[in-house]
Every structure is written in structure tokens, then in C-alpha cells.
């Protein structure tokens with residue numbers, strides 16, 4: 001538990017420190033010691049140093065965050081939330097504080113306490129987009145989608161470039177099946193952060209779910225041309241959306257740029273196998289993948305499947321024996337591979 005707490009505290013503090021360059025640079029003293037103690041999991045010492053720093057220089061949001069994470073490390077989640085609330089009161093637009101608040105709320109299951117805290121802060125900081133966005137997030141986590149959408153739209157009204165609000169709104173709308181509205185939120189998010197690959201892929205996938213194939217293709221191609229996503233990323237989206245023709249197209253494009261990538265070779269071969277297309281060519285692709293990674297039960301399975309489809313069940317059984325030898329008895333693919341072996345042996349028995 002102590003190691004897990006230390007990892008959580010360091011992760012939360014890390015994002016904050018990066019966006020606050022004064023921490024750990026020209027200000028030497030108690031604050032730096034507090035940061036170092038927190039990083040090392042020495043929470044009591046970290047807390048003591050933040051108290052000294054606050055007595056010396058007065059409270060600020062950064063020191064209060066360190067104190068909050070120290071309290072969290074000491075299993076004092078409610079005290080940590082209170083300190084985050086004090087930090088937000090000093091810096092109501094600091095997104096890092098809300099990120100820490102959401103993380104503590106979810107990890108420690110302090111939903112009621114967080115809701116009460118946000119209600120108190122809203123009275124003095126009702127113009128904070130980040131506060132409204134976090135309130136929307138909280139409503140969504142508690143199964144109140146209508147209230148969540150309303151709060152997130154309020155956040156966007158206050159700050160049309162608030163990325164988290166657009167992301168959370170799009171996630172919620174997609175879960176509700178409101179795909180056209182989700183697309184609008186995602187498109188705005190992409191404009192705000194055009195170099196985020198997951199945003200571009202999610203936008204294209206949302207468009208595909210609406211049957212907007214041409215619009216999705218433009219979204220993907222723009223992102224691919226800009227170097228934001230890879231052809232493999234796009235191929236996987238099309239495969240998941242049961243568009244094997246487009247998946248094959250993008251896997252081929254990916255293969256042209258990385259001819260010795262076993263994942264691309266295998267996935268392309270498997271897609272051809274599922275469609276019953278170009279089986280001899282697919283077998284060659286699969287063989288290349290296996291040569292590059294002969295221990296992969298997944299790659300061996302693709303090779304065996306293609307041998308089976310090409311009418312070579314004895315060879316398929318032999319390859320599947322290798323695949324089963326590579327897969328642990330409790331491995332995630334074990335049951336599937338055993339089913340494959342049974343299929344190949346039935347085909348062999350018919351031949352005999």
C-alpha cells in the first residue's frame with residue numbers, strides 16, 4: 001500500500017510541478033525539501049516542511065497541494081480534500097488542482113465529500129470553468145448524465161477552449177448515444193489540441209459510428225498527413241468497426257513504411273484470412289511475422305489458420321502445437337488456441 005500511495009502522490013505532484021516552473025528552481029528552502037520528502041514517500045517530513053514554508057512565505061496553491069498529497073500518503077484523504085479546497089480558493093483556475101481533486105475523489109471514493117466541497121467553492125468561484133468541468137465529471141461518475149452535461153456546457157460557455165470539458169462532454173454524449181453532439185465536442189477538442197492522436201482517432205470512430213464514412217476518412221487522412229496518427233492506428237479503428245476493406249488498405253500503407261514489423265504483418269495476414277482473400281500472399285506475410293517472433297502464440301495461430309484455409313491441416317496442427325507450447329496453461333489465449341487445435345484436427349481426420 002505504501003508503494004502504491006507513493007506512486008499516486010508522485011504522479012499527481014509531477015504534473016503540477018511541470019506547469020509551475022518556480023518549484024525546484026530558484027526558490028530554495030522548505031518547499032524544495034517538502035517536494036523531495038513527498039517524492040521519497042516521507043510524508044510526515046513533507047508535511048512538516050510545507051508548514052514551515054507556509055509560516056515563512058504564506059500559503060500558496062503549490063504548497064497546499066504538496067501538503068494535501070502528504071496527507072493522502074498518510075491515509076488522511078478527507079484532510080487532503082480540505083487542503084485541495086483551500087488551494088482552489090487561492091487559484092480557482094488552476095487545472096492541476098482539479099486534476100488532483102478528481103483523482104483523490106475517485107481513488108478514495110470521496111464523492112459526497114467532493115460534491116460538498118465543490119458546492120462551497122462555487123459560491124465564490126462560480127466563474128471558474130475548471131470548477132464547473134469537475135462538477136460535470138462528478139455528476140457523470142455518480143450516474144447523473146443530464147446534470148453532468150449541463151455543468152460541462154456551463155464550463156464550455158465560460159471557456160470555449162477548456163479541453164477537459166470538451167473531452168468529458170464527448171465521452172458522456174457517446175455513452176448516451178448522442179453521437180452528433182459528441183462529434184461536435186470532439187471536433188472542438190481536436191482544434192484545441194490537434195496533435196493528440198487519441199482525439200483524432202476517437203473523432204473518426206465517432207463519425208464511423210454515425211455512418212459518415214467519407215467524413216471519417218477525411219479526419220483520418222488529415223491526422224495521418226500531419227503525422228499525428230499512424231496508418232496502423234487507423235487500420236485498427238476500421239477493423240473494430242467491421243470495415244475490413246479499409247483496414248486492409250491502411251495495414252498495407254503501414255507495411256510499406258515498416259516492412260519488418262511483425263504486428264503489421266500478422267494483422268494484415270489475419271484480416272486477409274478472415275475475408276478469404278489473397279490467402280497465399282497472406283501466408284507469406286504471416287510466415288514473415290513468425291520468423292520475426294517465433295514465440296508469439298498469436299502469430300503462430302494466424303499462420304496455422306492460413307495453412308488450414310489453404311487445405312494443409314497436418315501442417316496447421318503442427319504449427320498449432322507450437323502455439324500451445326508458447327502459451328501458458330492459464331494464458332488469456334489458451335482456450336481459444338485449444339479450440340483452434342480441435343478444429344484443425346477435425347479437418348485432418350476428414351482428410352484421412
Legend entry - Residues satisfying the stated conditions in the stretch 143-171, i.e. under 20 Å from the mean Cα position of the chain (by Cα) and closer than 22 Å to residue 97 by Cβ: 162, 163, 164, 165, 166, 167, 168, 169, 171
Inset, instruction - Only one of these is in a helix (DSSP H, G or I), in contact (Cβ under 8 Å) with a residue 40 or more places away in the chain and in contact with a helix residue (DSSP H, G or I) (Cβ under 9 Å, 6 or more places away or on another chain): 283, 268, 337, 348. Name it. - result: 337
Inset, instruction - Output yes when any residue across the stretch 149-161 is crowded, with 17+ Cβ neighbours inside 10 Å and more than 19 Å from residue 125 (Cβ to Cβ), and no when none is. - result: yes
Legend entry - Restricting the stretch 313-337 to residues that are over 29 Å from the mean Cα position of the chain (by Cα) and surrounded by fewer than 13 Cβ atoms within 10 Å (Cβ to Cβ), the residue that is farthest from residue 283 (Cα to Cα): 329
Legend entry - Within the stretch 54-71, tally of residues that are surrounded by fewer than 24 Cβ atoms within 10 Å (Cβ to Cβ) and either more than 15 Å from residue 104 (Cα to Cα) or at pLDDT below 90 (or both): 8
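Tell me the residue from 208, 224 that is without any contact (Cβ under 8 Å) to a residue 24 or more places away in the chain, under 24 Å from residue 249 (Cβ atoms) and either surrounded by fewer than 19 Cβ atoms within 10 Å (Cβ to Cβ) or out of contact with any strand residue (DSSP E or B) (no Cβ under 8 Å at 6 or more places or on another chain) (or both), please. Write out each step before concluding.
Working: 208 fails: without any contact (Cβ under 8 Å) to a residue 24 or more places away in the chain.
Going through 208, 224 in turn, just one is without any contact (Cβ under 8 Å) to a residue 24 or more places away in the chain, under 24 Å from residue 249 (Cβ atoms) and either surrounded by fewer than 19 Cβ atoms within 10 Å (Cβ to Cβ) or out of contact with any strand residue (DSSP E or B) (no Cβ under 8 Å at 6 or more places or on another chain) (or both): 224.
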Inset, instruction - Considering only the stretch 103-117, state which residues are closer than 17 Å to residue 147 by Cα, within 27 Å of the chain's Cα centre (by Cα) and either surrounded by fewer than 21 Cβ atoms within 10 Å (Cβ to Cβ) or touching a residue at least 40 places away in the same chain (Cβ under 8 Å) (or both). - result: 111, 112, 115
Inset, instruction - Tell me, please, whether a residue that is more than 20 Å from residue 99 (Cβ to Cβ) and outside any loop (DSSP other than H, G, I, E, B) can be found in the stretch 132-142. - result: no
Legend entry - Flag if residue 250 is farther than 23 Å from residue 331 by Cβ, more than 29 Å from the chain's Cα centre (by Cα), part of a helix (DSSP H, G or I) and not assigned by TED's automatic domain parsing to the domain that holds residue 211: no
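Only one residue in 63, 74 is over 20 Å from residue 32 (Cβ atoms), assigned by TED's automatic domain parsing to the domain that holds residue 40 and over 27 Å from the mean Cα position of the chain (by Cα). Which one? Write out each step before concluding.
Working: 63 fails: over 20 Å from residue 32 (Cβ atoms).
So the residue among 63, 74 that is over 20 Å from residue 32 (Cβ atoms), assigned by TED's automatic domain parsing to the domain that holds residue 40 and over 27 Å from the mean Cα position of the chain (by Cα) is 74.
The values are calculated or read from the model by the stated rules, or taken from the named source; none is laboratory data. Quantities reported herein were computed from a predicted structural model and do not represent experimental measurements. Ideal geometry is used to build each Cβ from the backbone, glycine not excepted, and the neighbour counts take in all protein chains shown.
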